[in-house]
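Novice: Quick one: this structure, given as structure tokens, is what I'll be asking you about.
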Amino acid sequence: MAEHSHRFKALLAALERGVVSSVSDIAWLLEQRDPQDLARLFAAARSVRQRYFGSQVFLYGFLYFSTHCRNHCRFCRYRRENTALKRYRKTREEILSAAMEMAASGVHLIDLTMGEDLEILEGTPSQIQEWVSMIRSVGKETRLPVMISPGTVSGELLADLARAGVSWYACYQETHNEPLFDALRPGQDYHGRLAGKYRARDLGLLVEEGILTGVGETAADVADSIDFMRRFPVDQARVMSFVPHPGIPLPRAASADRDIERVTIAVMRLVMPDVLIPASLDVDGLAGLAARLDAGANVVTSIVPPGAGLSGVAHSELDIADAGRTLAKVVPVLEQCSLVPASADDYQAWVARRQAMHPCSGRLADPPAREAAPCA
């Protein structure tokens, strides 16, 4: 017991000083569940967040504009085989209207998310350029940074998006255990998905990476993912719990254990102190927000206006119709956690500083198959 306590305290102290531990130490830390240890872990994560970001939290509007997808992901209700699902594809006017409503509410970024919609990704050149033009208009009209979450796309399309003024490319690997990736995303190219993130960074885009818990991963798998994200380096690191739904073939596994997600948030904060780490409203809604913030998150994502006909991902409807995913409901939770919304200027200043940190921004390069970034 004394040896355990000494190791735990020494590991936390080292991480708080900025000394990155071994991957095996990270995995060990992820396995801890003693309530006193978790309280110390979360307190350390909050202390590090305070040091790097103060009490400010960034707020992301979420606009899932197409729920059509070509993929067969075993964890996703929007998988191609789920024929019982009612899908939609929003028009340019609907997208711009929802984005403007989000901007007026006070969000700091518009996250434009879609499935890998073949009508968009494999349309005619003019259709694709019309889509890119729509994305440019969202940024221009809202005067906010734009994140695009389109799945795996071509390098040419990524370059078009960068020229259109997109600031962020979000593309989640879900796991960096390649066999588990193949089981979760059958028929998809593990290395090709990674390569898009290297290309995006070389185009000057900020990159968000993400992992899932409760899908058959081990603590060692999660530690490997955290180590990958640290070395990449990503600009935003997301973890979410798998949420089972009808039409999803993946077994429930450990999906109900939210401690896994919270501990992962805290460990990511300690290992990557200067990155953005979201607390998503898409898993447990407003009720789960405080716990994720207390674990060290500093972004609230999946803010969705009611009445716009928009869906979430893990939960398609949770807290949307009753305005539970609006700033009016989110801000009081921030206050309970002794946090405050940042200003739009503060967020845009952070984005500009982060972009300036990437030494190879704007230089196209062929990425390696996996391990090191081209200019790391």
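The values are calculated or read from the model by the stated rules, or taken from the named source; none is laboratory data. These figures come from a predicted structure and were not determined experimentally. Quick reminder, even Gly has a Cβ in these numbers, built from the backbone with ideal geometry, and neighbours come from all protein chains shown.
Novice: I need every pair where a residue in segment 126-144 that is touching a residue at least 12 places away in the same chain (Cβ under 8 Å) has its Cβ under 8 Å from the Cβ of a residue that is of a type in the set (Asp, Glu) and surrounded by 14 or more Cβ atoms within 10 Å (Cβ to Cβ), sequence separation at least 6 or different chains.
Specialist: As it stands, the answer is 128/160; 129/160; 132/160, since those pairs meet every condition given.
Novice: Does residue 296 count as in contact with a Phe, Trp or Tyr (Cβ under 9 Å, 6 or more places away or on another chain), surrounded by 20 or more Cβ atoms within 10 Å (Cβ to Cβ) and more than 18 Å from residue 59 (Cβ to Cβ)?
Specialist: The answer is no for residue 296.
Novice: Can you work out which of the residues in segment 58-100 that are assigned to a loop (DSSP other than H, G, I, E, B) and among the β-branched types (Val, Ile, Thr) is surrounded by the fewest Cβ atoms within 10 Å (Cβ to Cβ)?
Specialist: 83
Novice: Okay, next question. Which of the residues belonging to segment 104-127 are at pLDDT below 95 and crowded, with 18+ Cβ neighbours inside 10 Å?
Specialist: 120, 121
Novice: Shifting gears a bit: Looking for something touching a strand residue (DSSP E or B) at 6+ places or on another chain (Cβ under 7 Å), among the basic types (Lys, Arg) and either closer than 13 Å to residue 213 by Cβ or part of a loop (DSSP other than H, G, I, E, B) (or both) - is there at least one such residue anywhere in segment 261-281?
Specialist: Restricting attention to segment 261-281, the residues satisfying the condition of being touching a strand residue (DSSP E or B) at 6+ places or on another chain (Cβ under 7 Å) are 261, 264-265, 268, 272, 275-281.
If we keep only those that are among the basic types (Lys, Arg) as well, we get none.
No, the conditions are met nowhere in segment 261-281.
Novice: Return the residue satisfying two criteria in turn: it lies in segment 304-342 and is in a loop (DSSP other than H, G, I, E, B) and β-branched (Val, Ile, Thr), and of such residues it is nearest to residue 106 (Cα to Cα).
Specialist: So, considering only residues that are in a loop (DSSP other than H, G, I, E, B) and β-branched (Val, Ile, Thr), the one nearest to residue 106 (Cα to Cα) is 326.
Novice: Can you pull out every residue in segment 161-189 that is within 23 Å of residue 356 (Cβ to Cβ) and either outside any loop (DSSP other than H, G, I, E, B) or touching a residue at least 40 places away in the same chain (Cβ under 8 Å) (or both)?
Specialist: Within segment 161-189, 161, 162, 163, 167, 168, 169, 170 qualify.
Novice: Inspect all residues belonging to segment 343-352 and state whether any of them is farther than 30 Å from residue 36 by Cβ, of a type in the set (D, E, K, R), in contact (Cβ under 8 Å) with a residue 12 or more places away in the chain and not in a helix (DSSP H, G or I).
Specialist: no
Novice: Cβ contacts < 8 Å: first residue farther than 20 Å from residue 294 by Cβ, restricted to segment 313-340; second residue basic (Lys, Arg) and surrounded by fewer than 19 Cβ atoms within 10 Å (Cβ to Cβ), any location; separation 6+ or different chain. Result?
Specialist: These pairs meet every condition: 323/329.
Novice: Does residue 310 satisfy the condition of being touching a strand residue (DSSP E or B) at 6+ places or on another chain (Cβ under 9 Å), more than 29 Å from residue 223 (Cβ to Cβ) and crowded, with 22+ Cβ neighbours inside 10 Å?
Specialist: yes
Novice: Here is a further query. Kindly provide the set of residues from segment 151-203 that are among the hydroxyl-bearing types (Ser, Thr, Tyr) and touching a strand residue (DSSP E or B) at 6+ places or on another chain (Cβ under 7 Å), ordered by number.
Specialist: Answer for segment 151-203, where residues must be among the hydroxyl-bearing types (Ser, Thr, Tyr) and touching a strand residue (DSSP E or B) at 6+ places or on another chain (Cβ under 7 Å): 167, 169, 172, 175.
Novice: On to the next question. Can you tell me which residues in segment 121-160 are in a strand (DSSP E or B) and among the hydrophobic types (A, V, I, L, M, F, W, C)?
Specialist: 146, 147, 148
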